[in-house]
Each structure stands twice: as C-alpha cells, then as structure tokens.
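Worksheet: the structure to be examined is printed underneath.
None of the figures in this text is laboratory data; all of them are computed from the coordinates on show. Everything quoted here is computed from the prediction, not taken from an experiment. When we count neighbours, we look across all protein chains shown, and the Cβ atoms used for this are built from the backbone with ideal geometry, even at glycine.
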Amino acid sequence: MKSFRKIIVSLVLLGAALFGLRSSSFTQGLQVWTNLGLYGGQIYDIAIDPLNPDRMFVGSYLGDGLFVTSDGGNTWRAVEASNDPPGEATFKNHAVWAVKIAPSDHNVIWAAHDSWVEKSTDGGNTWTHTFNRDMQRDCQNCGGESDDLRFCRSIAIHPSDPDTVYVGTGGPDERAANGAIYKTTDGGITWTKLNGGANFNYSIISIAFDTSNPQIMWAITDSREENGVYWGSLYRSGDGGDTWTRKISVDTAWYDLAIKPDEPNVVFLAT
C-alpha cells in the first residue's frame with residue numbers, strides 16, 4: 001500500500017463560518033490579511049481563475065448565493081442564473097456549497113447549490129441547469145421531499161477534461177445521512193453513480209485530484225454532527241473514482257481537503 005503523510009490543519013478562511021472574506025500577502029515572512037467586504041453569511045467555497053487571479057467566484061449561504069469579482073475582491077456582484085425551472089435554477093436564497101473553474105478551460109465553471117448543479121461555458125455569464133433525478137433523489141431517511149432528497153455538496157473537475165466532472169452528495173439540513181459520488185463524462189448530460197453504486201458513510205464534503213495522475217483521487221466525508229458527535233473519513237481512489245478505499249476516520253468535523261501539487265502523497269485536511 002502506498003504510504004502518504006496526513007497533515008490536518010485548521011483553516012480560518014475556508015473551513016469556518018465567515019462573515020467577511022479575506023485575502024493574504026506576505027511581507028518579510030509575515031502573513032497579512034485584508035478584509036474584502038463580503039458580509040452577512042457563511043463562505044463555503046472560493047474558485048480563482050487560473051489565468052486571471054483577480055477574477056474569483058465565491059459560494060455563500062443564502063442571500064445572493066454566488067458572487068464574482070474581477071478586480072481582486074475590491075468590488076463584488078451577485079451571479080444570476082435563469083431560474084428555469086423556478087426555485088431550482090437560481091443561486092439566490094440557496095446555499096452554494098461548491099464552485100469550481102475547470103483547470104483546462106477557465107470559461108467552464110460548475111456550481112453546486114442546494115440539490116442542484118449549474119454549468120457555465122462562457123465564464124459565468126449564463127448557466128445551464130443540470131437535471132439528474134437519480135443523483136438528487138437517492139437518499140433514504142434524509143428528511144427531504146418524499147424523504148429521499150440529497151444535497152449536491154462538492155465538485156471536482158478533471159484536470160484536462162472540462163466535461164468530466166464529479167459531484168459529491170449528502171443529506172440536507174446538516175443531517176448525518178449517507179453520501180454518494182456521481183460522475184459525468186459528457187458535460188452533465190448523463191451521470192454514473194460511482195463506488196459500485198454503494199453509498200459512503202456520510203456526506204461527501206470535498207473531492208480532489210492528484211493532478212500528476214488524475215486516476216488518483218481523494219474525498220472526505222463528514223457526519224455534520226450525529227447525536228452531538230462529529231465524524232469524518234478520508235477516502236482514496238486509484239481508478240478514477242470507480243472504487244474507493246477508506247484510509248482514516250476521526251471524531252472531528254472536516255470541511256475541505258487539498259493535495260500538495262509537487263508532492264501528491266501529502267494530503268491537507270481542514271477541520
């Protein structure tokens with residue numbers, strides 16, 4: 001079994017309930033943070049344009065949901081979707097759990113909000129609603145409509161193929177429900193439930209690629225407090241997400257993970 005180092009870190013920016021977004025610079029070895037002025041709710045995810053770091057998308061809880069800046073955070077505007085069908089294809093008053101920009105095409109952006117996924121191919125100007133009843137309604141005892149509603153909680157885009165996308169799901173309303181990972185290879189037209197069709201122990205909070213070998217993927221689950229106890233697990237796949245092996249489980253809340261680009265056996269976990 002290939003060994004790896006596990007570094008568990010607490011992140012102020014991405015892992016906590018923030019009421020303001022901050023950026024950092026480094027001067028003489030000191031880390032300095034500047035408030036970027038997004039107030040009023042939790043920040044769930046940040047996507048930075050790989051070709052233009054002044055352009056960022058931020059997913060937040062309720063309110064306008066998804067925001068974008070083109071000037072490094074000096075000004076922000078809400079991102080609007082078509083809202084067709086009504087109440088689904090909109091970011092407003094939804095929790096935008098994840099937003100990702102395709103590494104190989106910065107005009108392709110995916111966002112997960114509530115129980116749905118949106119896709120943009122023009123840099124976020126217009127959005128296409130993704131319909132996948134199997135992905136969104138495949139969760140017994142989750143407490144949603146007809147008691148089977150999942151939330152779409154996380155997204156990972158293949159490093160070299162913007163049409164190959166993974167979506168992690170889980171129970172709504174912070175419930176400790178089973179999660180699943182779905183994959184599309186045609187830009188969201190069709191989806192396949194991975195891991196042999198089996199569920200994971202809890203919600204899929206984050207998915208990440210080893211960019212040097214996209215067949216290797218990592219994912220974390222989180223119980224979101226079950227009977228007063230938080231529980232998270234780290235999973236690894238060596239076959240592009242088809243099957244997954246649990247590596248560790250700990251009694252703490254996990255929020256995000258990242259792979260060290262130049263040393264992919266180093267996995268960072270945000271608690």
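I need the peptides 42-49, 192-199, 153-160 ranked by packing, meaning the mean over residues of other C-beta atoms within 10 angstrom, with the highest value on top.
Values: 42-49: 18.9, 192-199: 14.6, 153-160: 22.0.
Taking the mean over residues of other Cβ atoms within 10 Å, the ranking is 153-160, 42-49, 192-199.
Label point 7 Å out from Leu62 along Cα-to-Cβ: which residues of segment 91-112 have amide N under 16 Å?
Once the point is set 7 Å along Cα→Cβ of Leu62, 91-97 turn out to lie under 16 Å by backbone N, inside segment 91-112.
Residues with amide H under 5 Å of Ser206's amide H, sequence separation 5 or more or different chain, H placed in the peptide plane at 1.01 Å from N; which?
Here Ile220 satisfy the definition.
Once you put a point 7 Å from the Cα of Thr121 and another 7 Å from the Cα of Thr34, both along the Cβ direction, what distance in nm separates them?
Between Thr121 and Thr34, the simple spin-label model gives 3.7 nm.
Subtract the Cα-Cα distance of Asn52 and Phe268 from 0.36 nm times their separation in residues, and report this length gain in nm to one decimal.
Gain on stretching Asn52 to Phe268: 75.3 nm.
Just want the ordering: Ile248, Ile207, from fewest to most Cβ atoms lying within 10 Å of their own Cβ. All intermediate terms of the calculation are to be shown ahead of the outcome.
Values: Ile248 13, Ile207 25.
Least crowded to most crowded, the residues run Ile248, Ile207.
Using the structure shown, select from Lys119/Lys183; Lys100/Lys247; Lys92/Lys119 the pairs with a Cα to Cα distance greater than 19 angstrom.
With Cα atoms farther than 19 Å apart: Lys100/Lys247.
Where Lys and Arg each count +1 and Asp and Glu each count -1, what net charge lies around His94 among other residues with Cβ under 11 Å from its Cβ?
-3
Can you give me the distance in nm between label points at Ile248 and Asn213, each placed 7 Å from the Cα along the Cα-to-Cβ direction?
2.0
Could you give the length gained on full extension between Lys193 and Val229, defined as 0.36 nm per residue of separation minus the Cα-Cα distance, in nm?
10.1 nm
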